[in-house]
1. Modelling each spin label as a point 7 Å along the Cα-to-Cβ direction, I'd like the K227/A139 distance in nm, to one decimal.
2. Nothing charged except the Cβ atoms of Lys and Arg (+1) and of Asp and Glu (-1): what's the magnitude of the dipole of the chain about its Cα centre? Round to the nearest 20 debye.
3. Sorted by average packing, counted as other Cβ atoms within 10 angstrom per residue and highest first, what order do 162-175, 53-66 take?
4. Once phi is turned into ³J(HN,Hα) by the Karplus curve 6.51 cos²θ - 1.76 cosθ + 1.60 with θ = phi - 60°, what whole-Hz value does each residue of region 60-71 show in order, with x for glycine and proline?
5. Assign unit charges at the C-beta atoms only (+1 for Lys and Arg, -1 for Asp and Glu), then state the dipole size of region 170-286 relative to its Cα centre in Debye, rounded to the nearest 20.
6. Along the positive direction of the dipole of the chain (beta-carbon charges: Lys, Arg +1; Asp, Glu -1; about the Cα centre), which of G77, P182, A62 reaches farthest?
7. If packing is taken as the average count of other Cβ atoms within 10 Å, what order do 280-286, 99-105, 253-259 fall into, highest mean first?
8. As a test of the formula, what do you get for the chain when each DSSP H run with n ≥ 4 contributes -39,500 (n - 2.57) and the sum is divided by the residue count, at 222 nm and rounded to the nearest 500 deg cm²/dmol?
Amino acid sequence: MRFIVKNIFSKYVISLMSFCVALFSITATASTLDKIKEEGKITIGVANEVPYGYTTPDGEPAGEAPSIAVHILNELGVKDVNVVVTEFGSLIPGLRAGRFDVIAAGMYITPKRCMQIAFSNPTYSIGEGFLVKNGNPEALNGYDNINDKSVKLGVMSGSVEYGYARDFGIAMNKIVTLPDYPSGVAALKSGRIDALAGTSLTMASLAQKDDRVELAQPFTPLMIDGKSVKGYGGFGFRPADLDLRDAFNTELGSFIDSEAHIAMVTPYGFGKHTSPGEMTAKALCQ
């Protein structure tokens, strides 16, 4: 009997030790930060939105967010940065599903998004704008014009502009959701929508590429519930990757607003005028 008990106990100890080894192995491989440092490579997700995050014709990362991401990741010892392009509305699901490890699309930090992913501190701040047909035939110079006229407003699927339009009180039958901004420009030119909403930076960039559309000027600053709406963009991480987010933030802290940072983002229309100041992701998530 003593031998049987001892044998059973020995098997139990061995099983327990095997379980602990397996658990340690899972824990040891669970850190994305350790993994990317060991392998020297990582994948970032973008939505092909100029000038925030996109790829060049040869597939290289470009735009404000990817440029900063490559620099920060290089500082962390990760030299091989690959890019996955997806629709904006698929960025958060794609990150959570493991299609890429960081969202580098200049995504606005909002409390709702903070419930799904972890954000870095912001790298820029900017206001809203409309893209309209040349001459702005419907005189659409702000969100307050939409409900007053028989017009439709285009917004990108998954974007904050959809929430802005809804919270501002624009009728749902006046809002048209589109998969990306090229589709929005096409819808504007075809007459499917009368204005395309987005950040003033994006709308100005789109206007420069097509002589049939323009940035609506002047533009009435967007106010919701008596508060000025100003977006702050940052990088997105999986909730389990807080160590990667924190390491990323540490490098960002000494880089944002430096001469090197300003020189890097100036070609994309960013600069001191888009500085996030002392704003943090923690404050924005609240």
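1. Result: 3.2 nm between the two label points.
2. Using Cβ point charges on Lys, Arg, Asp and Glu, the chain gives about 1180 debye.
3. 53-66, 162-175
4. Ordered by residue, 3J(HN,Hα) equals 7, x, 8, x, 4, 5, x, 4, 5, 4, 4, 4 Hz.
5. In debye, rounded to 20, region 170-286 gives about 440.
6. Farthest along the dipole direction, towards plus: G77.
7. Highest-to-lowest ranking by the protection proxy: 99-105, 280-286, 253-259.
8. So the helix-based figure for the chain works out to -11500 deg cm²/dmol.
The values are calculated or read from the model by the stated rules, or taken from the named source; none is laboratory data. Note that the structure is predicted; figures quoted are calculated from it, not measured. As a convention, Cβ positions derive from the backbone with ideal geometry for all residues, glycine included, and neighbour counts pool all protein chains shown. Each accessible area value is taken on the protein alone, full model and side chains, heavy atoms only, with ligands, DNA and RNA left out. Shrake-Rupley method; radii C 1.70, N 1.55, O 1.52, S 1.80 Å.
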